[in-house]
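Below you'll find the structure, written out as structure tokens, and then a few comments.
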Amino acid sequence: MDRIVVRGGRRLEGEVRASGSKNATLALMAAALLTDRESVLRGVPRVRDVGTMMKILGALGVACEWDADDEHVLRIRAGRVSNPEAPYDLVRQMRASFLVLGPLVARLGTGRVSEPGGCAIGVRPVDQHLKGLEALGAKIRLDHGYVEASAATLTGARVAFDVSTVNGTQNVMMAAVLARGRTIIENAAREPEVAELAQVLCAMGAHVHGAGSDRIEIEGVESLGGVDHTVWGDRIEIGTLLAAGLVTRGDVTVRGADPGLLDATLEKLREAGGDVDVQGDAIRLRADAPPRGIKLVTAPYPGFPTDMQAQLMTALTLADGSSVVTETVFENRFMHVPELVRMGADIEVAGRAAHVRGVGGLSGAPVMATDLRASAGLILAGLAAEGETVVNRVYHIDRGYERIEDKLRRLGAEIRREEG
């Protein structure tokens with residue numbers, strides 16, 4: 001099993017380009033099931049989750065392959081979907097794989113998907129997905145760990161989510177674009193990945209209005225065409241790389257960003273002591289002193305993203321002063337805390353709040369990655385720590401970051417991957 005070895009103490013400096021958004025890509029790949037025409041996605045990150053979704057589409061009978069001339073271009077042809085079942089051994093690896101259910105029902109009238117897996121960061125039920133599909137007329141049946149949905153015809157309806165859910169919003173959106181009549185989604189997720197999916201669906205011929213707000217209106221159409229789309233930059237990878245600059249008191253520029261999608265992250269990086277400058281699609285962070293202690297509360301977009309919590313907490317372990325980090329999105333997202341404590345951090349968890357008292361420095365140690373974003377936080381800790389840090393189980397980070405060690409090395413980090 002691979003591990004990443006970091007020797008800390010080096011100030012990061014330089015410029016790197018962000019990869020395309022992993023989370024957006026997975027929804028766009030599912031959307032390709034809605035048309036019998038070719039879908040071309042550009043700027044796709046070569047990460048484990050994308051590979052898993054490619055295998056799922058392949059199991060459905062869809063042709064999905066990398067372009068021969070560009071390693072970040074994905075071509076998907078769903079002219080013939082021969083099998084409406086997404087198998088357990090693939091779906092269990094990644095929660096976003098459940099996104100194929102809505103498109104399968106809309107396109108084929110039936111879909112069978114295993115209940116999903118993914119990072120063990122908290123309870124993330126799919127009941128809101130099913131509530132939305134049922135409102136559109138789908139019949140739902142649970143069968144030995146699989147969810148079966150069927151409908152001769154989907155019909156537009158009002159869907160009011162009990163809680164904001166990104167994947168749930170996306171799943172219902174994709175089903176609704178081929179439903180008869182109008183669908184209104186209330187309490188819709190506002191995340192950029194929802195807005196990007198809506199943009200792509202509209203480019204395919206759908207009628208979607210209001211994405212990016214908490215109320216989305218969709219007028220169903222009979223069919224959709226193909227699309228050629230460049231995936232937006234990954235806002236979480238961008239935030240992670242900027243946080244690496246804060247942790248190392250460095251000078252880091254990340255290109256390929258839409259700064260407007262990172263307002264909450266940039267605000268907290270500034271509050272924690274980073275000098276943040278935005279020029280076009282480039283964001284530069286400079287830091288020449290220890291971070292400052294802050295209060296941080298995660299929240300659905302446009303609030304501070306839960307996917308950046310571990311990375312910023314790492315910076316706050318080195319702050320001049322104390323911080324309080326409150327996690328409101330997932331109830332089990334402090335699993336990185338014991339590993340940071342092993343490196344010398346002073347953190348006390350009480351319910352959904354972590355009290356972080358800044359220390360003068362961290363010490364390198366062997367640590368265990370517990371989930372995707374926790375692994376990024378541990379790598380950042382290794383960048384700032386004295387001595388060598390070995391991050392084990394890095395298959396987690398490979399799910400969502402494209403060779404992060406290469407980008408950090410280009411910024412001056414002493415970091416390597418060891419195959420195990």
Under 6 Å by Cβ, and 6 or more places apart or on different chains, what pairs join a residue from the range 74-101 that is buried (at least 22 other Cβ atoms within 10 Å of the Cβ) with one that is at pLDDT 95 or above and assigned to a strand (DSSP E or B)?
L74/L41; I76/S39; I76/C64; P84/T110; P84/G111; L101/G111; L101/A149
Scan the range 37-53 for residues that are under 20 Å from A86 (Cα atoms) and surrounded by fewer than 17 Cβ atoms within 10 Å (Cβ to Cβ) and report the count.
1
Only one of T253, T265 is polar (S, T, N, Q), modelled with pLDDT of 95 or more and out of contact with any Phe, Trp or Tyr (no Cβ under 8 Å at 6 or more places or on another chain); which?
T253
Which ones in the range 200-214 are in contact (Cβ under 8 Å) with a residue 24 or more places away in the chain and either closer than 17 Å to T265 by Cβ or out of contact with any Asp or Glu (no Cβ under 9 Å at 6 or more places or on another chain) (or both)?
V200, L201, M204, S213
If we keep only residues of the range 323-382 that are within 26 Å of L411 (Cα to Cα) and polar (S, T, N, Q), then the residue surrounded by the most Cβ atoms within 10 Å (Cβ to Cβ) is S375
Run P259 past the list (1) under 18 Å from the mean Cα position of the chain (by Cα); (2) exposed (fewer than 15 other Cβ atoms within 10 Å of the Cβ) and report the number of the one that doesn't hold.
(2)
Residues in the range 1-27 that are under 17 Å from E237 (Cβ atoms) and in contact with a strand residue (DSSP E or B) (Cβ under 8 Å, 6 or more places away or on another chain) total 11
Within the range 269-281, is even one residue small (G, A, S), assigned by TED's automatic domain parsing to the domain that holds A96, surrounded by fewer than 23 Cβ atoms within 10 Å (Cβ to Cβ) and over 21 Å from P305 (Cα atoms)?
no
W66, sole failed condition from (1) touching a helix residue (DSSP H, G or I) at 6+ places or on another chain (Cβ under 9 Å); (2) surrounded by 17 or more Cβ atoms within 10 Å (Cβ to Cβ)
(2)
Every listed condition ((1) over 28 Å from I140 (Cα atoms); (2) out of contact with any strand residue (DSSP E or B) (no Cβ under 8 Å at 6 or more places or on another chain)) holds for E65 save (2)
Residue in the range 59-75 that is in a helix (DSSP H, G or I) and farther than 24 Å from G220 by Cβ present
yes
Checklist (1) closer than 21 Å to N187 by Cα; (2) more than 22 Å from the chain's Cα centre (by Cα) applied to A299, failing item:
(2)
Which pairs turn up if I take residues in the range 258-280 that are touching a residue at least 24 places away in the same chain (Cβ under 8 Å) and at positive phi and look for partners that are outside any helix (DSSP H, G or I) and surrounded by 14 or more Cβ atoms within 10 Å (Cβ to Cβ) with beta carbon separation below 9 Å, at least 6 apart in sequence or on another chain?
G273/A287; G273/P290; G273/P291; G273/R292; G273/I294; G273/A319
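The values are calculated or read from the model by the stated rules, or taken from the named source; none is laboratory data. Quick caveat: nothing in here was measured; it's all calculated off a predicted structure. Positions of Cβ are backbone-derived with ideal geometry, glycine not excepted, and every protein chain shown enters the neighbour counts.
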